[in-house]
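The values are calculated or read from the model by the stated rules, or taken from the named source; none is laboratory data. Treat the numbers as computed from the prediction; the structure is a model and nothing was measured. No Cβ is skipped: glycine too gets one built from the backbone with ideal geometry, and neighbour counts run over all protein chains shown. The area values use the complete protein model at the heavy-atom level, side chains included, leaving out ligands, DNA and RNA. Shrake-Rupley method; radii C 1.70, N 1.55, O 1.52, S 1.80 Å.
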Amino acid sequence: MTVYRVHRTQVSSEQDVFQARRQARQLADAVGLENQDQIRIAAAVSEVGRRLLAFGRVSVAFEVDLPDDASAARQHALLRFQAEVAAETDDEFAAGVALTRNLMDTWEITRSPARTEVTMSRRIPQPARLTEADLSAIQADIAGTAAGTPLQELAEHNRQLLATLGEVQAHRDELLRLNEELADTNRGVMALYSELSEELEATNRGVVALYAELDQRTSELRAASEAKTRFLANVTHELRSPVTSITGLARLLRDPASDPLTENQAHQLALLEDSGRNLLTLVNELLDLAKAESGRLQPSPEDVDLKPIFDTLRGTLRAVPTAEGTDLVVQEPTGVPALRTDPIMLAQVLRNLLTNALKFTPSGEVRLSAAYENDVVSLTVEDTGIGIPPEEQGRVFEEFYQVRHALQAKVTGTGLGLPYARRLVEVLGGTLDLESEIGRGSRFTVRLPVGALTGESGEPAQTLVLLVDDDEAFRTAAGHVLRSCGFAVREAADGRTALASIAAHPPDLLLLDLRLAELDGFAVLSALDADDVLRRIPVVVVTAYPHDVTEPSRLRHTTAVLDKTATTLDDLCGVARLAAAPRSAGHRGPNGDRKTEGNGGS
Ligand code: ADP
């Protein structure tokens, strides 16, 4: 801070007080203070001067403190006045002069027996504009200010008051205007708010109504669907007996033992029989569907080997008349484990799909194949036939729905085959999906989780062996042997699939090869080791690795190690029986202690 003494004056009369007052105001104006501040300062200086004058001659100093670095944000300049008298003052004086304290930013009084001094200052808001040159100009101005008369000073005072009044008035008007504006905005906001909340409420009411309607529709639909199922079941049941009678009677008429028929009669009888048969098919299909829908269709699960089912289908469907140039290919279901399902229902589904495919494939190929991945068996019926338009691919699963096309007129059908097939697959715990491209063919896929129906039969569950080996020939052979001696077998060709399969459905025994793709046998073992539950699954390592690789420390949780080159398939059942944890008795503890033919564990 640098202090500039701008002016110094002696006050020895009332006249001098006015003069000091004017100069103080002039200085305040010059350093950029507002009108109101100027009046405050002038009032304070004249009041202090007047009160001190009662004790003697007063010396008044006018100073400006400029910050050294005016641009520094927190620095500010000060306008300071110092008035002193060389006399002792009394308390009454002190109390009186203290009234000016509120007019200034800082205010201080020191009293001693020989001297009384009042120092007060006010901040200058924009010191950056003040330079030393300004200050010397101000200094000259103030020094040159002629002393005015009290009347002049009064007039000046009045003028200032009026100006201040005008300022205050302007502020008040501005405030009123702002207030009004605010009220307006407020009204706008309130209006918007109430409009929005009304809209929200209306929407809300709409949604509630919609939901109520939806609920209503849903229960109506459910009731209608139940009624339809009941109707189908009752009516078809009642229809079946008369239709059976008609076809039976027709057969009797044709009996060689009956009276001979004219050619015409024989022809009509053939038509009658034909219609009867068609009617019976329709009635039977309706009855099946009604049963499936009413949940009365109970699957009888057994361990189903797909091969005999595929063989039967291949044999029976060959008899179905197909268009010339359409081949039926039934692939061998190799690599697909036995699955627990109802074989009759499954065969029925595949027969429906294959019959359709043959019907709607004028030339090309119809193919049935099976695949196994991640515990799911997929059965695919693929054809190169006419295809189904995308918008009708969902509808063909509705009852009685048939796609309109030229071929439709030539083939027979009820529109019940696909809905029935889908219901059956659902009863079996699987899904039936369709992909098709018009003109190129259709693909129907049945997906059945291997264990979907496990435990639904009353029989005790079989011991489940997971066979992990990258050698498909070995898996097929070993799987066959194990199934033939009563094990349920699942297979995995690599370590990752094996772990997924174990996680999905922990087996009672793991037959593990060490050399595997993705994750090798060691990795599978350490993954099992890391899990409290899976660690308890007995593991028989079946490997062609030499003994030093299969040392016990590397195969900690292994129940036994079989040398693949020395073990015959006939040994497998015995080993598996010994090693497997019986399902009912729960799993054995880790580190199975019943070593069997192990040649690496000793
Ligand atoms: P339908 O007794 O008429 O065959 P479905 O329910 O089995 O009854 O099939 C419904 C309709 O779906 C069929 O009429 C046919 O239009 C269409 N469809 C079914 N399978 C195929 C297919 N493989 N290729 C083309 N269209 C098919």
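Points worth noting:
- All lysines inside 16 Å of K410 as judged from Cα atoms, apart from same-chain residues fewer than 8 positions distant: K359
- Helix 263-293 axis versus longest C-alpha principal axis of the chain: approximately 40°, rounded to the nearest ten.
- When each of the peptides 310-316, 256-262 is scored by how many other beta carbons lie within 10 Å of its residues on average, the order from highest to lowest is 310-316, 256-262.
- Placing +1 on the Cβ of every Lys and Arg and -1 on the Cβ of every Asp and Glu, with nothing else charged, gives region 292-430 a dipole about its Cα centre of roughly 440 debye.
- Computed over protein heavy atoms with a 1.4 Å probe, the accessible surface of the chain works out to 54 Å² per residue.
- Cross-link partners of K228 among lysines (Cα-Cα below 20 Å; sequence separation of 8 or more within a chain): K291
- Theoretical FRET efficiency, 1/(1+(r/R0)^6), r = Cβ-Cβ of H237 and S258, R0 30 Å, to 0.05: 0.50
- In region 403-449, the trypsin sites (Lys or Arg not before Pro) that fall in loop regions by DSSP, at most 13 other Cβ within 10 Å: R404, K410, R440
- Proximity of backbone amide H atoms, modeled 1.01 Å from N, is registered between E302 and T341, D342 at under 5 Å, excluding neighbours fewer than 5 places apart on the same chain.
- Rounded to the nearest 20, the size of the Cβ-charge dipole of the chain about its Cα centre is 620 debye, with Lys and Arg at +1 and Asp and Glu at -1.
- Note on surface exposure: I502, I246 rank I246, I502 by accessible area, highest first, 1.4 Å probe.
- Between the residues L467, A95, G441, the greatest Cα displacement towards the positive end of the dipole of the chain, with unit charges on the Cβ of Lys, Arg, Asp and Glu, is found for L467.
- The chain: relative contact order as a whole-number percent, Cα under 8 Å and 6+ apart: 7 percent
- Dipole of the chain computed with +1 at Lys/Arg Cβ and -1 at Asp/Glu Cβ about the Cα centre; of V427, N374, S245, farthest Cα towards the positive end is S245.
- Alpha carbon centroid spacing (whole Å) that separates region 221-283 from region 160-178: 107 Å
- Amide H contacts under 5 Å for R490: V465, L466, L467, restricted to partners 5 or more places along the chain or on a different chain, H placed in the peptide plane at 1.01 Å from N.
- Between the Cα long axis of helix 472-484 and the first principal axis of the chain there is an angle of about 70°, rounded to the nearest 10.
- Between 0 and 90°, nearest 10: helix 569-579 axis offset from the chain longest Cα axis: 50 degrees
- Low-density loop cleavage sites - trypsin sites (Lys or Arg not before Pro) in region 222-300, where at most 10 other Cβ are within 10 Å (DSSP): R296
- Region 2-148 - charge dipole about Cα centre, Lys and Arg +1 at Cβ, Asp and Glu -1, debye rounded to 20: 160 debye
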